[in-house]
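Reviewing the structure listed below.
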Amino acid sequence: MRSEPDPCRPQDWGKFELITRDGAARIGKFHTFHGAITTPMLLPVINPNLRTIEPREMWENYGVEALITNSYVIWKNEKLSVSAKQDGIHKLLDFPGAIVTDSGTFQSYVYGDVEVSPKEIVEFQREIGVDVGTMLDVFGRPDMSREEAENSVNETHRRVSQSLSEAGDSILLNGPIQGGVYEDLRAKSAELMSRVDESGATFAIHPIGGIVPLMENQRYQELFSIILAAKSQIPPNKPIHMFGCGHPMLFPLSVALGVDFFDSAAYALFARDDRILTPEGTVKVQGLKEWPISSKALFGRTPSEVLSLPKDERSKVLARHNLEVTQSELSKCREAIRNGSIWRLAEVRSHASPRLREAFEWVIDQLEQLEETGVGSSLLDIMASTNPIRKGGEPLSDDIEFRPHILHLMALISLRWRLPGSWWDGSSGPAEQVLILDNSPPPWREVSLGTIVNHLLECPRTVVLISTPLGPVPYSFEDVSPFCHVDGSDNIWNDNTDLNNPSEDILYLGLENLDVVISKSSEPLQSSSSEIDKVRAWLDRCSVVDKLSVFCATHPFKLCEITKSMNSRRSNTDRMVNVSFGGVHALSPRLNDGGISLTAEGARMLYSLNDGPPEIFGEKNPDEERDFPGIPRVMIRDDAIPFVGKGRNVMHGYVTGADSHVTPGQPCVVVSEKGELVAHGASTSTSSEMAFFTKGIAVKVRQGFLKE
Ligand code: GUN
């Protein structure tokens, strides 16, 4: 039997903590009076008058940590209302986990009005002891004119301070975002609803309201535009809930865009209508010879056996199946966040329905355009918050180049990669040509090094690029995943470069005016000589300079200086492992993903090129306008220094400033407010997350600089 939840510490109630992330998709912990809830998750809707699956069964058998019910339905029913007031909502529903309640807004949309006032319904939710209540917002229908939708935003906002003060410290509150189908009104609503009120109170969660009619009519593109527009103004430490969304088909893309909570009665409603949920859509049981999907609930019974059950029993069996499928799709989303494949899952699921595909294509179109406000700014945040490097295979698909981590990586290379300052023969001066290695699969250092070296021996001032299905990339990134791990048939490495017009593909590197030589055959390195060793040492140095400038934002001129005295040790498989500058071990290229692991001395050297504290939150750092603002800095409070300086992680709440180019998963340094170096590590968060979160890890520290 599953034990009762441990209540979270009172100081943590309502806090949201980021545990793992893949871009905007995040596994979080939301802290409540009745335990911590792991997100993304679905709050199953319990109709207090008709409990298709008992809440206790959901807790015991389905791992449900929190559910949602309707406080207005309870308030209207005298028997339920008296019992809820007397014994509390947890006893009424027999559920030990967290209970969220809605307020009657949806009933007001369906029936035209409700008989309760905004103040009364929050008071009632407080009296029955819910964990998270909902204020009485005004449902903004998609068919509303702009003026009507704006009224729903303004009226909802007008009720905020009264609702927050009625909730007090006793319950957490949902602050729904309205605005119909108007992106700017959604952004306005999100901005108004996330303000801190005069008493310092805020909402704990921001549901996106008024979207049920869009989902019923499969207007998915508008749905996702609304999420993105609202998200542009919702503080990153507040979970986002999609009110009334419970179809598993919509989970992966919604999660990839940053949704944390779903709720739905779909599992029970579809069951009553003899329909089952699958991750690709809904299927009618009538007419099925076999199940198109398996579950514990359906196992061992045929569709006709289930159809012959009495109505009530049949609904329960189908509802259990639907709940299982819903839960399992969310597990899949969480696992995809852990292994960095949430966007790929969204891509796969986008093929489930033409309308969903259309919406997905619209999202990737917007990703290409990236306007600076609303939808565009949310997508820019998604890209910037995505670790550009990841280990493991990268399956090829038509949409591969629009995956946010790939867009991010290509954008960083385009922004920060520069031509070498000098060549292997000691000459400096302009590049003479570009060599593109086509028709050559990875690992290029094994398959094609002979061709590269021979070419460089003949023509030292050559820029070497490798041709990949993602476009040509500098040879320095030959071991960076995803370039070397694109997964597809052998042919995918062939003929990626257009022989007639190669300049187009190298425009992003600023190489379009150089002559291009395309090599269609490649050979491994077979001999060695002092000249060849020189070429190889130069290639290694270029790789270190290029990776540090692209991933640590350090200026390549400065890196050329410090790498003049570079030495490296090679592994048994002939890969560069330990890199020293002036005899001091500074970094190790990571063999599994091609990223860089700095040593303490390496971090110190990079910081010395750009030392001083970053700006405090809210102030603009003029350096950030530059392409190379230096290794990102995270500034912490003095009282955290004794811990972080000894190697403990930097916790949210102790960060007082950070450079805006801090990138999750990539190196950063931790400094005091006076600019003293305290530690180095890898960030888990963006700078705006550091400004808002108050719980969880901000930087995973590799080493502290305080002497023991
Ligand atoms: N349930 C579905 N949509 C809504 C909404 O817009 N507001 C509230 N409070 N509940 C909902």
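Residue by residue, here is whether (1) assigned to a strand (DSSP E or B); (2) within 16 Å of the ligand (Cβ to nearest atom); (3) over 20 Å from MET193 (Cα atoms); (4) modelled with pLDDT of 95 or more holds:
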{"position": "ILE37", "(1), (2), (3), (4)": "yes, no, yes, yes"}
{"position": "THR52", "(1), (2), (3), (4)": "no, no, yes, no"}
{"position": "TRP59", "(1), (2), (3), (4)": "no, no, yes, yes"}
{"position": "ALA84", "(1), (2), (3), (4)": "no, no, yes, yes"}
{"position": "GLN107", "(1), (2), (3), (4)": "no, yes, yes, no"}
{"position": "LYS119", "(1), (2), (3), (4)": "no, yes, no, yes"}
{"position": "VAL130", "(1), (2), (3), (4)": "no, yes, yes, yes"}
{"position": "ARG141", "(1), (2), (3), (4)": "no, yes, no, yes"}
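Would you please list the contacts, defined by Cβ atoms under 7 Å and residues six or more apart or on different chains, that run from a residue in region 55-69 that is farther than 14 Å from THR32 by Cβ to a residue that is assigned to a helix (DSSP H, G or I)?
Short answer, once both residue conditions are applied: PRO55/LEU93; TYR62/LEU323; TYR62/GLN327; GLY63/GLN327; THR69/LEU93.
In this structure, does MET135 turn out to be of a type outside the set (D, E, K, R), farther than 23 Å from ASN217 by Cβ and within 14 Å of the ligand (Cβ to nearest atom)?
The answer is yes for MET135.
Would you check which residues across region 366-395 are over 23 Å from VAL486 (Cβ atoms) and of a type outside the set (Gly, Ala, Ser) and list them?
Those that are over 23 Å from VAL486 (Cβ atoms) and of a type outside the set (Gly, Ala, Ser): GLN366, GLN369, LEU370, GLU371, GLU372, THR373, VAL375, LEU379, LEU380, ASP381.
Output the residues belonging to region 159-175 that are out of contact with any strand residue (DSSP E or B) (no Cβ under 6 Å at 6 or more places or on another chain) and either part of a loop (DSSP other than H, G, I, E, B) or farther than 15 Å from SER103 by Cβ (or both).
Result: ARG159, SER161, SER165, GLY168, ASP169, SER170.
Could you grab me the full set of residues in region 624-662 that are free of Cβ contacts under 8 Å to residues at least 12 places away in the same chain and either within 17 Å of THR686 (Cβ to Cβ) or of a type outside the set (A, V, I, L, M, F, W, C) (or both)?
GLU625, ARG626
Say we look at region 225-241 and pick out the residues that are buried (at least 24 other Cβ atoms within 10 Å of the Cβ) and away from the ligand (no atom under 16 Å from the Cβ); which of these is nearest to GLU183 (Cα to Cα)?
The selected residue is LEU228.
Report every pair of residues separated by at least 6 positions or lying on different chains whose Cβ atoms are under 8 Å apart, first residue within region 74-90 and closer than 18 Å to GLN107 by Cα, second part of a helix (DSSP H, G or I) and polar (S, T, N, Q).
Short answer, once both residue conditions are applied: ILE74/SER81; TRP75/SER81.
Scan region 176-213 for residues that are assigned to a helix (DSSP H, G or I), buried (at least 18 other Cβ atoms within 10 Å of the Cβ) and either of a type outside the set (A, V, I, L, M) or more than 16 Å from the ligand (Cβ to nearest atom) (or both) and jot them down.
Correct list: GLU183, ARG186, ALA187, LYS188, SER189.
Regarding region 171-190, can at least one residue be identified that is free of Cβ contacts under 8 Å to residues at least 40 places away in the same chain and under 18 Å from LEU136 (Cα atoms)?
Within region 171-190, not a single residue is free of Cβ contacts under 8 Å to residues at least 40 places away in the same chain and under 18 Å from LEU136 (Cα atoms).
Name the single residue, out of those in region 251-265 being more than 15 Å from ALA336 (Cα to Cα) and of a type in the set (A, V, I, L, M, F, W, C), that is surrounded by the fewest Cβ atoms within 10 Å (Cβ to Cβ).
ALA265
Filter region 679-708 for residues that are in contact with a Leu (Cβ under 7 Å, 6 or more places away or on another chain) and in a strand (DSSP E or B) and give the result.
Within region 679-708, just HIS680 meets the criteria.
The values are calculated or read from the model by the stated rules, or taken from the named source; none is laboratory data. The structure displayed is predicted, hence computed values, not measured ones. So basically every Cβ, Gly included, is an ideal-geometry build from the backbone, and we count neighbours across all protein chains shown.
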